[in-house]
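Encoded as structure tokens, the structure appears first; notes follow it.
The values are calculated or read from the model by the stated rules, or taken from the named source; none is laboratory data. Since this is a predicted model, take the numbers as computed values, not measurements. Note: ideal-geometry Cβ built from the backbone for every residue, glycine included; neighbour counts use all protein chains shown. Each accessible area value is taken on the protein alone, full model and side chains, heavy atoms only, with ligands, DNA and RNA left out. Shrake-Rupley method; radii C 1.70, N 1.55, O 1.52, S 1.80 Å.
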Amino acid sequence: MKRERTFLERQEWMTIPWSKHTETKTPRQQLLDVLACLGGVMEDFDNLESVATNEKELRAQRSLLWEKLLEQLKRLYRCRWDWEASHNGPVAYEVPVDRKTSWTVDENLKPIYDTLIYFTDFAMAHELLNHNPILLIIRSLAFTVNNGPSQIAEIAFLGLPANEEPTKLNPLTMLSGNNPIYLDAAKESMRSVENLPF
């Protein structure tokens with residue numbers, strides 16, 4: 001929130017608690033690791049102008065930031081893969097929009113989406129729906145740092161072992177090298193909101 005670095009981004013905070021049993025680290029905890037790093041990236045971005053003394057140095061600092069974002073995006077992709085693989089079966093399903101009761105209709109009661117996403121468990125919905133805003137933050141920061149579009153999604157996706165990508169069991173966005181994938185994730189969050197208790 002403050003766009004400032006915290007001690008939680010240090011490697012020891014992400015590894016030591018699980019050093020004896022690395023397999024016990026959950027996808028949610030992996031997601032929190034990515035989130036913990038974003039404050040520092042934002043702080044570095046906010047300080048770009050004051051740190052760089054010339055155009056060449058500014059480009060070098062932007063390149064370093066972009067690499068940090070790429071690393072976090074790879075971790076986020078891995079986290080999403082692990083989330084999908086951690087369940088023995090589907091944990092989400094699609095239901096048709098009911099024009100009479102749904103929130104996702106326009107002023108003429110026309111559905112904005114054909115279907116909504118419901119989850120079998122609120123905790124699972126919470127995990128996935130925390131993932132999507134982090135994806136949007138990373139992608140928007142990468143766009144800004146790069147001064148425009150980049151191939152960060154494709155590079156992150158290709159940086160993971162293809163043979164470890166899990167079978168898709170849910171009607172949810174599976175991250176890929178497709179650049180506009182973050183738009184699908186945003187729509188997914190909006191399609192899920194009716195299933196969440198407030």
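Look at (1) in contact (Cβ under 8 Å) with a residue 60 or more places away in the chain; (2) out of contact with any helix residue (DSSP H, G or I) (no Cβ under 7 Å at 6 or more places or on another chain); (3) of a type in the set (Asp, Glu); (4) open to solvent by 40 Å² or more (accessible area, probe 1.4 Å) and you find that residue 107 fails only one, number (1). So which residues in segment 8-29 are in contact with a helix residue (DSSP H, G or I) (Cβ under 7 Å, 6 or more places away or on another chain), surrounded by 14 or more Cβ atoms within 10 Å (Cβ to Cβ) and closer than 16 Å to residue 87 by Cα, if there are any at all? Within segment 8-29, 25, 27, 28 meet the criteria. Total residues in segment 66-98 satisfying the condition of being at pLDDT 90 or above and small (Gly, Ala, Ser): the figure is 1. Taken over segment 112-135, the criterion of being open to solvent by 60 Å² or more (accessible area, probe 1.4 Å) and among the aliphatic types (A, V, I, L, M) is satisfied by 112 alone. Candidates 61, 72: the one that is out of contact with any His (no Cβ under 8 Å at 6 or more places or on another chain), in contact (Cβ under 8 Å) with a residue 24 or more places away in the chain and among the polar types (S, T, N, Q) is 72.
Put simply, of 38, 32 the only residue that is open to solvent by 80 Å² or more (accessible area, probe 1.4 Å) and under 18 Å from the mean Cα position of the chain (by Cα) is 32.
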